[in-house]
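One structure below.
The values are calculated or read from the model by the stated rules, or taken from the named source; none is laboratory data. Values in this document were obtained by computation on a predicted structure and should not be read as measured data. Here the Cβ positions follow ideal geometry from the backbone for every residue, glycine too, while neighbour counts run over all protein chains shown. Calculation scope for accessible area: heavy atoms of the full protein, side chains included, ligands and nucleic acids excluded. Shrake-Rupley method; radii C 1.70, N 1.55, O 1.52, S 1.80 Å.
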Amino acid sequence: MDSGGWSRRRFVGALAGGAAAAALPSCDDAPAPATSPATAPEASASPSREARRPSGPRPLYLGTYTSVEGGGKGIGLATYDAATGRITGTGTVTGVGNPSYLAIHPDRRTLYAVDEREDGAVTAVRLADRKVLGSRSTGGAGPCHLSVHPGGRWLLSANYGSGSVAVHPIDASGALGERTDLVRHSGPPPGPGQEGPHAHQFVTSPDGGHVLAVDLGTDTVYTYRLDEKAGTLTEVAQAQTRPGAGPRHLTFHPGGRYAYLANEVDNTVAVCSYAPASGRVTVGEAQSTGTGSGTSYPAQILVTSNGRYAYLANRGHNSLTRYAVEGDGARLRLLDTVPVGGDFPRQIAFSPEGTLLFAANQKSSTVTVFHVDEANGELRRAGESFPSPVAVCALPL
């Protein structure tokens, strides 16, 4: 984060004094939630949206820190009602340390978690019986993000502490093989107030042709080509933000030509253009988060599947900013901010149909849920918050 003492490691240590000790029930005999793929959301508004909403409980996975007082015991297990948003805890997958970020394989059979520790690792969990399939070293410190390449054969992870990105192969069972590549961001030099690179996100572009790494420490978005046979990376472009922006999280518009960048340190967002042929990203002008002049540590930005609205989680302000997306993705227009109903919203996620938005609130150890109005993008709270120890990630399926 910034130079005023809110480094990631110092913040994690500070959690001990402020996290509620809420706990999920012990898990191991609870039935596994269904993991069949959901119906893909449509790209535009449709009166059949309610008909597309599934019935019955849906699986929800919860990330936490296990190494702090009041933290969790592993990956939280829960279900949610797709109509009401009500969450019910069902257990815990133990044996995974600091699973602060989660991702699902495209076939919905395997869950992946970072082990955000000094000796960073990534772990695979088979969902049918919740068996931990093993962990592999990321080759760096403090991995904080991971994603599965769309082909399902490669896991991409970002090491915040050491400013590097890693690639691991995924075998037919969903288990991980030994790392095939590790790239540390050695240039450009760190931005103002930063002591080195801090990779914060590693994702695949919508066209599938490139993988992009967002680095808070160097104020840079790096574009790589992934060799899908060897699992190796080749850098093809760099895009710099303004100095000291501290970029954290990039989300693409459904059209695939624009993306939105949340800047943690200077409390802004930026519209970026993306060229699929070259992989080059161009960062636009910084824009307001609507949270005032104070530092608000923007965390994550989401875009609705119809491409009409975007939402930004503001940790310091404890709010969600709503933007209208205009010009086929080329512009963001700030509409309002909505109280998140918790403290320090670390991560946000849509349900597969886009009808619900989940916010994981780290300091209050809660998950809040909102109904998303497809017509105007308005958010409406869906009942009471769900207690989840040091909630840093919510992954609804």
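Every listed requirement among (1) open to solvent by less than 20 Å² (accessible area, probe 1.4 Å); (2) of a type in the set (A, V, I, L, M); (3) over 22 Å from Ala349 (Cα atoms) is met by Leu250 save one, (3).
Answer yes or no as to whether Ala262 is among the hydrophobic types (A, V, I, L, M, F, W, C) and under 29 Å from Glu374 (Cβ atoms). Criteria met by Ala262.
Filtering the stretch 117-126 to residues that are crowded, with 23+ Cβ neighbours inside 10 Å and either out of contact with any Gly (no Cβ under 9 Å at 6 or more places or on another chain) or among the basic types (Lys, Arg) (or both) leaves only Val122. Note on the stretch 280-290: residues that are farther than 27 Å from Gly209 by Cβ and part of a strand (DSSP E or B) amount to 3. Checking each residue of the stretch 58-73 against the condition of being open to solvent by 20 Å² or more (accessible area, probe 1.4 Å), in contact (Cβ under 8 Å) with a residue 40 or more places away in the chain and within 17 Å of Ser351 (Cβ to Cβ) gives at least one match. Scanning the stretch 217-251 for residues that are touching a residue at least 60 places away in the same chain (Cβ under 8 Å) and assigned to a loop (DSSP other than H, G, I, E, B) gives Glu228, Gly231, Gly246. Under the condition of being outside any strand (DSSP E or B), small (Gly, Ala, Ser) and open to solvent by less than 50 Å² (accessible area, probe 1.4 Å), the residues counted in the stretch 160-174 number 4. Scanning the stretch 130-153 turns up no residue that is closer than 24 Å to Gln347 by Cα, of a type in the set (D, E, K, R), modelled with pLDDT of 95 or more and buried (at least 23 other Cβ atoms within 10 Å of the Cβ). Looking at Thr180, Thr232, Thr218, can you tell me which residue is modelled with pLDDT of 95 or more and in contact with a Phe, Trp or Tyr (Cβ under 9 Å, 6 or more places away or on another chain)? Step by step, each of Thr180, Thr232, Thr218 is checked, and only Thr180 is modelled with pLDDT of 95 or more and in contact with a Phe, Trp or Tyr (Cβ under 9 Å, 6 or more places away or on another chain).
In the stretch 175-196, the residues that are open to solvent by less than 30 Å² (accessible area, probe 1.4 Å) reach residues that are among the β-branched types (Val, Ile, Thr) and part of a loop (DSSP other than H, G, I, E, B) with C-beta atoms within less than 7 angstrom, at least six apart or across chains, in these pairs: His185/Thr218; Gly191/Thr218. The set of residues in the stretch 121-134 that are within 12 Å of His168 (Cβ to Cβ) and within 20 Å of the chain's Cα centre (by Cα) comprises Ala121, Val122, Thr123, Ala124.
For the residues Ser278, Ser293, Ser205, the requirement of being free of Cβ contacts under 8 Å to residues at least 12 places away in the same chain, surrounded by fewer than 24 Cβ atoms within 10 Å (Cβ to Cβ) and not basic (Lys, Arg) singles out Ser293. Exactly one residue out of Ala277, Ala270 is outside any loop (DSSP other than H, G, I, E, B) and on the phi < 0 side of the Ramachandran plot: that is Ala270.
Checking each residue in the stretch 112-157 for being more than 22 Å from Asp227 (Cβ to Cβ), in contact (Cβ under 8 Å) with a residue 60 or more places away in the chain and not in a loop (DSSP other than H, G, I, E, B) picks out only Cys144.
Can you tell me which residue is modelled with the lowest pLDDT among those in the stretch 65-105 that are within 25 Å of Pro169 (Cα to Cα) and assigned to a loop (DSSP other than H, G, I, E, B)? Filtering the stretch 65-105 for residues that are within 25 Å of Pro169 (Cα to Cα) and assigned to a loop (DSSP other than H, G, I, E, B), the one modelled with the lowest pLDDT comes out as Gly95.
The strands (runs of 3 or more DSSP E) found entirely in the stretch 318-392 that carry 1 or more residues being touching a strand residue (DSSP E or B) at 6+ places or on another chain (Cβ under 7 Å) and open to solvent by less than 10 Å² (accessible area, probe 1.4 Å) are 319-326, 345-350, 356-361, 366-372. Restrict the check to the stretch 20-39 and report whether at least one residue is among the hydrophobic types (A, V, I, L, M, F, W, C), within 30 Å of Asp373 (Cβ to Cβ) and either in a strand (DSSP E or B) or at pLDDT 95 or above (or both). Scanning the stretch 20-39, I find no residue that is among the hydrophobic types (A, V, I, L, M, F, W, C), within 30 Å of Asp373 (Cβ to Cβ) and either in a strand (DSSP E or B) or at pLDDT 95 or above (or both), so the answer is no. If the condition is being touching a Phe, Trp or Tyr at 6+ places or on another chain (Cβ under 9 Å) and farther than 18 Å from Val68 by Cβ, then the stretch 345-372 contributes Ile348, Ala349, Phe350, Ser351, Leu356, Leu357, Phe358, Ala359, Thr368, Val369, Phe370, Val372.
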